[in-house]
Amino acid sequence: QDGINAGKYGTVSDCFVRVVDDAIKPWDSGALYKNMVIWQLPLGWPINLGWWGWTQSDADTIVENVYLIHNQNWMTSDGWPTTKSGQCVVGGIYGSSSVKSNYRINNIYVETACGCAVGLEINKAAYSRHLTPEGCVGSIKDLHVTNMYFDEEFYQIANYNNFLRGERAPNPGCDGDYAGQISNMVISGNVNGRDLGEADFIIPRKHRGTVPGLVFETVNSATTTSTSTSSTTTAATTTTTTTTTASTTTTKTTTTAGNKVTVKVVIETYEDPTLVNWKIKLASTNSNVKTGTASGNPYEELVELDAGTEYKFVIVDGNAEKDTFYEVWQGGNVLIDGDAFGRKDVQFFQL
């Protein structure tokens with residue numbers, strides 16, 4: 001008895017899910033899951049990122065404001081999966097040729113004891129898999145699992161834990177997006193009053209290079225927002241970030257005080273520019289900050305945004321022939337760009 005998959009660009013909101021297997025299955029591009037209550041019975045992941053059986057785009061999905069009121073999967077985590085990972089709140093054994101990117105999983109509240117927060121492995125021998133013809137598995141890139149709150153310490157009955165590992169032995173020619181890496185992942189959580197950190201995780205030393213750019217942050221209450229309101233509050237915040245690579249760990253602390261930053265949206269098309277629409281949204285709430293239409297060619301517009309904030313850029317091309325190019329600039333730096341997209345493209349950027 002599995003739970004819910006919204007499908008491509010689908011939305012699931014304001015619902016209660018009680019299942020004996022995976023509760024939320026975000027496996028498609030552009031989906032939104034929000035304001036959900038889960039009762040997880042003794043099997044499966046509340047938020048499962050694996051079990052994908054075919055190849056397609058898998059990017060820019062948002063899961064936010066999830067309340068896990070019961071989590072009983074620790075009862076079966078001793079035998080499943082067979083790695084050191086238990087059936088954590090977020091995770092899975094990923095064996096798809098789809099490259100999963102730019103997922104945002106934010107504001108997860110766990111009321112009762114659970115075995116672990118995040119357990120994620122990429123494996124070309126996964127239980128449910130669909131590899132490329134060369135036997136490659138897709139990477140998971142720029143996944144943010146942030147603002148997780150646990151009322152109690154983790155409860156484990158065997159030798160499993162929070163776990164991260166990419167593909168251990170890629171086949172020849174499997175590189176780049178198909179090296180099976182978990183790259184540039186960001187994690188933040190609070191466990192019974194303490195920070196969730198790298199010490200809580202099993203990351204096998206031998207395969208540390210399969211998880212490049214891993215970042216642990218402190219939870220940031222200033223980004224905890226309700227999706228029922230579009231209002232924002234500007235306040236000074238301090239963030240401590242720890243970045244870990246295969247050989248080094250660095251820590252930096254930055255403070256933002258609601259400063260404004262101007263970005264420039266640039267759009268060029270060989271078709272009708274008035275059929276190309278764009279939006280800049282707050283990544284945390286999916287609420288619109290600025291919308292526009294490419295009224296000229298080339299088209300440029302300046303937009304004032306808040307520093308220290310993550311945004312989502314959405315562009316929709318209504319032309320029958322798709323031949324459009326876009327960029328978002330900050331000063332002399334290109335934050336995002338794209339040209340090989342169909343009707344719609346979605347990217348995230350941080351100021």
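The values are calculated or read from the model by the stated rules, or taken from the named source; none is laboratory data. Just so it is clear, the structure is predicted and the values come from calculations on it, not from any experiment. Every residue, glycine as well, gets a Cβ built from its backbone with ideal geometry; the counts of neighbours run over all protein chains shown. What goes into the accessible areas is simple: the full protein's heavy atoms, side chains included, and nothing from ligands, DNA or RNA. Shrake-Rupley method; radii C 1.70, N 1.55, O 1.52, S 1.80 Å.
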What's the Cα-based Rg to Rh of segment 275-351, Rh via Kirkwood?
0.94
With label points set 7 Å from each Cα along the Cα-to-Cβ direction at Asn171 and Ala199, the distance between them in nm comes to 4.2 nm
Please calculate the 1.4 Å probe accessible area of Trp39, with all protein chains present, and give it to the nearest 10 Å².
70 Å²
Enter the accessible area of Val303 (Å², nearest 10), with the probe set to 1.4 Å and all protein chains included.
10 Å²
Of Lys8/Lys124; Lys100/Lys206; Lys100/Lys290; Lys260/Lys312; Lys34/Lys322; Lys100/Lys344, those spanning more than 22 Å from alpha-carbon to alpha-carbon
Lys8/Lys124; Lys100/Lys206; Lys100/Lys290; Lys34/Lys322
Extension reserve of the Asn277-Asn190 stretch, reckoned as 0.36 nm per residue once the Cα distance is removed:
27.4 nm
Rounded to the nearest 10 Å², what accessible area does Arg18 show when all protein chains are kept and the probe is 1.4 Å?
120 Å²
Starting from 0.36 nm per residue, how many nanometres of slack lie between Phe325 and Thr112 once their C-alpha separation is accounted for?
71.9 nm
Calculated FRET efficiency for the pair Tyr270/Glu152, C-beta based, R₀ 45 Å, to 0.05:
0.20
Shape category assigned to segment 79-172 from the gyration tensor of Cα positions, a/c cut at 1.5
oblate
Under a plain spin-label model, where a point goes 7 Å from the Cα along Cα-to-Cβ, how far apart in nm are Val20 and Gln350?
4.2 nm
Stretched fully, the stretch from His207 through Arg343 gains (0.36 nm per residue minus C-alpha distance, one decimal, in nm) 45.1 nm
The convex hull of the Cα atoms of segment 113-156, divided by residue count, gives a volume in Å³ per residue of 88 Å³
For segment 177-219, take the alpha-carbon Rg, divide it by the Kirkwood Rh, and send me Rg/Rh.
1.04
Under-5 Å amide H pairs with Ala179, H placed in peptide plane, nonlocal only:
Ser139
In segment 272-336, what percent of the accessible surface is made up of carbon and sulfur (1.4 Å probe, ligands and nucleic acids excluded)?
44 percent
Quick calc, Lys8 & Asn333: beta-carbon distance into FRET formula, R0 30 Å, rounding 0.05, result 0.45
Please label the shape of segment 144-222 as rounded, prolate or oblate, based on the square roots a ≥ b ≥ c of the eigenvalues of the alpha-carbon gyration tensor (a/c under 1.5 means rounded; beyond that, a/b larger than b/c means prolate, else oblate).
oblate
